[in-house]
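The values are calculated or read from the model by the stated rules, or taken from the named source; none is laboratory data. None of the values given here were measured: they were computed from a predicted structure. All Cβ positions, even for glycine, are placed from backbone atoms using ideal geometry, and neighbour counts span all protein chains on display.
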Amino acid sequence: AEAERLVKALDIRPPDPNRPIKTLSGGNQQKAVLGRWLVGEGRKLLLLDEPTRGVDVGARAELYALVRRLADEGVGVLLVSSEVPEVLGLADRVLVIREGRIVHEAPATELDEHRVLDLVMEAAPTKAHG
């Protein structure tokens with residue numbers, strides 16, 4: 001019953017909770033994986049690493065809406081993505097990381113794609129050799 005509810009709520013197509021996930025399209029596979037994590041109550045945090053990699057534009061929009069809805073419902077979402085527009089469109093707060101270090105932190109509303117790319121591409125300080 002829970003699987004059927006999530007298939008409907010996440011609009012997984014085709015709507016068959018018994019169908020193997022590997023037989024679904026990329027976007028529906030991503031939604032099914034999210035559905036697995038949402039079974040039961042009490043989810044407080046989701047860690048999403050490149051959640052839309054390899055999915056088509058329509059599935060991206062559906063996944064974005066789902067992530068936003070979960071965040072609006074109080075689920076913490078930690079999103080890691082190399083897609084800057086995705087981050088700026090979904091995140092409340094953005095941490096820009098370069099070479100394993102946080103180089104900037106700001107509300108998403110204070111950043112744009114060009115600024116983020118500049119921060120990522122800035123040359124790291126070099127050590128003096130001598």
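Annotations for the structure displayed:
- Residue that is nearest to residue 67 (Cα to Cα) [pool: residues in region 12-25 that are surrounded by 13 or more Cβ atoms within 10 Å (Cβ to Cβ) and touching a Leu at 6+ places or on another chain (Cβ under 9 Å)]: 12
- Residue among 80, 57, 94 that is surrounded by 13 or more Cβ atoms within 10 Å (Cβ to Cβ) and β-branched (Val, Ile, Thr): 94
- Among the candidates 15, 20, residue that is of a type outside the set (Asp, Glu) and touching a Lys or Arg at 6+ places or on another chain (Cβ under 7 Å): 15
- When residue 50 is tested against (1) closer than 15 Å to residue 2 by Cα; (2) in contact with a Ser or Thr (Cβ under 7 Å, 6 or more places away or on another chain), only condition (1) is not met.
- The residues of region 26-50 that are at pLDDT 90 or above and surrounded by 15 or more Cβ atoms within 10 Å (Cβ to Cβ), listed by number, are 28, 29, 32, 46, 48.
- Sole exception among (1) touching a helix residue (DSSP H, G or I) at 6+ places or on another chain (Cβ under 7 Å); (2) surrounded by fewer than 17 Cβ atoms within 10 Å (Cβ to Cβ); (3) among the β-branched types (Val, Ile, Thr) for residue 67, by number: (2)
Matching residues to (1) under 30 Å from residue 4 (Cα atoms); (2) touching a residue at least 24 places away in the same chain (Cβ under 8 Å):
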{"position": "16", "(1), (2)": "yes, no"}
{"position": "40", "(1), (2)": "yes, yes"}
{"position": "54", "(1), (2)": "yes, yes"}
{"position": "93", "(1), (2)": "no, no"}
{"position": "106", "(1), (2)": "no, no"}
{"position": "109", "(1), (2)": "no, no"}
